[in-house]
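Visitor: Can you read through this structure? Questions will come right after.
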Amino acid sequence: TVDEATYNPALRAHTMETLARLDRALRTFSHPEMARPLLWNLTQALGLRPHLEFLSGDKRNAIADWLRHFEAGVKPRLDSLRTQPIHGDFNPANLIVAPAMPERLAGVVDFGDMNRAPLVVDVAVAAAYQCLQTDDPAAHLAAAAGAYHAEAPLDAEESGLVADLAITR
């Protein structure tokens, strides 16, 4: 998996290009469970509020503040975006890298978090994982969104939500 490989710039870009191609292939996929309640679906992030009681003070306050921001400034904008089935969990543990080609994905697993959501949610989830444990998360976020956009263009409204949705993840 990518967890076990070095997340190099070429692999980061190929990850987002692969996601763009997967999203394009999923556009016409249909299944009744795509609309099920699923907290991994960022459009349902406000459903996390009842779970805040399990966090300590500073963490609870920071997440509560972010959820207020999400409710007021992000969630209302999601309703106008294009939606489709998305993978929903393009994280390093779900991405397979062949040792002989460490700059390219060889496969994608775990489609259990698939759901119907705005397309940009898939971009933001994958980009969020690319920002972890980096010295410059903003640069990695921009590079990830740019690599996706080069393969499957995002519109201005979608592009404007990538960072907020990545933080929400």
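The values are calculated or read from the model by the stated rules, or taken from the named source; none is laboratory data. Computed from a prediction, not measured in an experiment: that's the story for all the values here. Cβ sites come from the backbone with ideal geometry, for glycine too, and all protein chains shown count toward neighbours. Just so you know, the surface numbers come from the protein's heavy atoms only, side chains and all, with ligands and any DNA or RNA stripped out. Shrake-Rupley method; radii C 1.70, N 1.55, O 1.52, S 1.80 Å.
Visitor: Quick check of the Kirkwood formula: for segment 89-159, what is the inverse mean of 1/r over all pairs of different Cα atoms, in Å?
Guide: After inverting the mean inverse Cα-Cα distance, the result is 13.3 Å.
Visitor: Give me a comma-separated list of calculated 3J(HN,Hα) values for segment 56-66, in order, Karplus coefficients 6.51, -1.76, 1.60 applied at θ = phi - 60°, integers in Hz, x for any Gly or Pro.
Guide: Running phi through 6.51 cos²θ - 1.76 cosθ + 1.60 with θ = phi - 60° gives 6, x, 5, 5, 4, 5, 5, 6, 4, 4, 5 Hz.
Visitor: When the accessible area of segment 1-158 is split by element with a 1.4 Å probe, what percent falls to carbon and sulfur?
Guide: Roughly 58 percent of what the probe reaches on segment 1-158 is carbon or sulfur.
Visitor: Residue-wise, which Karplus ³J(HN,Hα) couplings in Hz belong to segment 33-39, taking 6.51 cos²θ - 1.76 cosθ + 1.60, θ = phi - 60°, and x for glycine or proline?
Guide: Listing the rounded values in order: 7, 4, 9, 5, x, 7, 5 Hz.
Visitor: Which three lengths, in whole Å and largest first, does segment 1-151 cover when its Cα atoms are put on their principal axes?
Guide: 46, 38, 25
Visitor: Using DSSP to define loop residues, name the chymotrypsin sites (Phe, Trp or Tyr not before Pro) in segment 1-70 whose beta-carbon has at most 16 other beta-carbon atoms within 10 Å.
Guide: The qualifying sites are Phe29, Trp40.
Visitor: Further question on the same structure: If you fit an axis through the alpha-carbon atoms of helix 119-131 and take the longest principal axis of the Cα set of the chain, what angle between them do you get, 0 to 90°, nearest 10?
Guide: 80
Visitor: Considering only protein heavy atoms, what per residue accessible area in square angstrom results for the chain with a 1.4 angstrom probe?
Guide: With the other protein chains kept in place, the chain gives 51 Å² per residue.
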